[in-house]
Amino acid sequence: MTTTKTLAIVGVVVVVIAIVAYQFTGQEDPTMPRIEAKSANTLSKLPDFAKIADVKEKKETFFTTLYPIIEEENQHIMKLRSALIALNDIPFVDLAPKQLAYISDVAKYYRADDAINKNTITQLLERVDIIPPSLALTQAAIESGWGSSRFSKQGNNLFGQWCFSKGCGMVPSSRDSGKAHEVAKFKSVNAAVRGYLKNLNTNSAYQKLRDKRAQIRKSDGEVTGIALAQTLTEYSEEREKYITKVSKFINQNKLQRFTKQFEESLKAA
């Protein structure tokens, strides 16, 4: 009995050491990339798009300013997704303590179930996936008024994201009495894009989006902004009208070209 207890304690210690080593090592294991992207070039604030008189030029400048950031964040998500797929090919009982610790940290970041089991990675793959640039660019333009809103100028909030602790962001002047939400502030445009992607990939309000995307993946289809836009009734009080607005915006501005550009970037990576 004593030997069994000793072995059990040793096993726990090994797992704890592995977790600590993983969390605090300064080197990135290429088979287990960092969970959150590290921006190569950080955009601390948006340009003043209002200074561009030509409407067509202003729109294109808005898109080309944000697209590289969206591409970088999505590429990192795909890198993380590929690592999870590789780990999923290993029988759960054969995963090393370091690999289990990594899966646990990804699950925490993506707000999945706390208990790690053989189905965890399958669940994570529904969350660790891209948001098409066509959709991200559209929502950024609509929610920020082409970068002209107070929240986008003062807090880099391009996507109308809320936060719920006092002092976490900016208090909207139109907030209803009794409401406590604030509009989130971000240190950079990169952080705002990262927050938006994480929001759609984790918030229970957007489960339909994740279900739709997983269904498309399963059928080897193309994950497009138009397809995922159909699930966004919870994003705006406009509900179905918002879906129509987003879909129309993508088509009018030919934004599928940016999703295709992103797909080409993945081939070159």
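If I go through the stretch 69-104 residue by residue, how many of them are free of Cβ contacts under 8 Å to residues at least 12 places away in the same chain and part of a helix (DSSP H, G or I)? Total meeting the criteria: 3. Taken together, the criteria place I116 among residues that are closer than 24 Å to Q207 by Cβ, modelled with pLDDT under 95, aliphatic (A, V, I, L, M) and not in a helix (DSSP H, G or I). What residue, among those in the stretch 77-113 that are closer than 18 Å to K198 by Cβ and touching a Ser or Thr at 6+ places or on another chain (Cβ under 8 Å), is modelled with the lowest pLDDT? Among those that are closer than 18 Å to K198 by Cβ and touching a Ser or Thr at 6+ places or on another chain (Cβ under 8 Å), it is D113.
Residues of the stretch 120-140 include none that is assigned to a loop (DSSP other than H, G, I, E, B) and free of Cβ contacts under 8 Å to residues at least 60 places away in the same chain. Applying the condition of being part of a loop (DSSP other than H, G, I, E, B) and more than 21 Å from E238 (Cα to Cα) to the stretch 145-179 and asking which residue is modelled with the lowest pLDDT yields G178.
Candidates in the stretch 206-254 are the residues that are surrounded by fewer than 18 Cβ atoms within 10 Å (Cβ to Cβ), assigned to a helix (DSSP H, G or I) and among the polar types (S, T, N, Q); of these, the one that is farthest from the chain's Cα centre (by Cα) is Q252. When N251, N199, N157 are checked against the criterion of being without any contact (Cβ under 8 Å) to a residue 60 or more places away in the chain and closer than 21 Å to A112 by Cα, a single residue qualifies: N199. Considering the conditions (1) in contact with a Ser or Thr (Cβ under 9 Å, 6 or more places away or on another chain); (2) loosely packed, with under 14 Cβ neighbours inside 10 Å; (3) not in a loop (DSSP other than H, G, I, E, B), N190 is excluded by exactly one of them, (2). For the stretch 255-269, a residue qualifies if it is at pLDDT 95 or above and outside any helix (DSSP H, G or I), and exactly one does: L255. Under 26 Å from A40 (Cα atoms) and polar (S, T, N, Q), is that true of Q123? Spelling it out, it is not the case that Q123 is under 26 Å from A40 (Cα atoms) and polar (S, T, N, Q).
The values are calculated or read from the model by the stated rules, or taken from the named source; none is laboratory data. Since the structure is predicted, the reported quantities are computational estimates derived from the model, not experimental observations. Please note: Cβ atoms are built from the backbone with ideal geometry, for glycine as well, and neighbour counts cover all protein chains shown.
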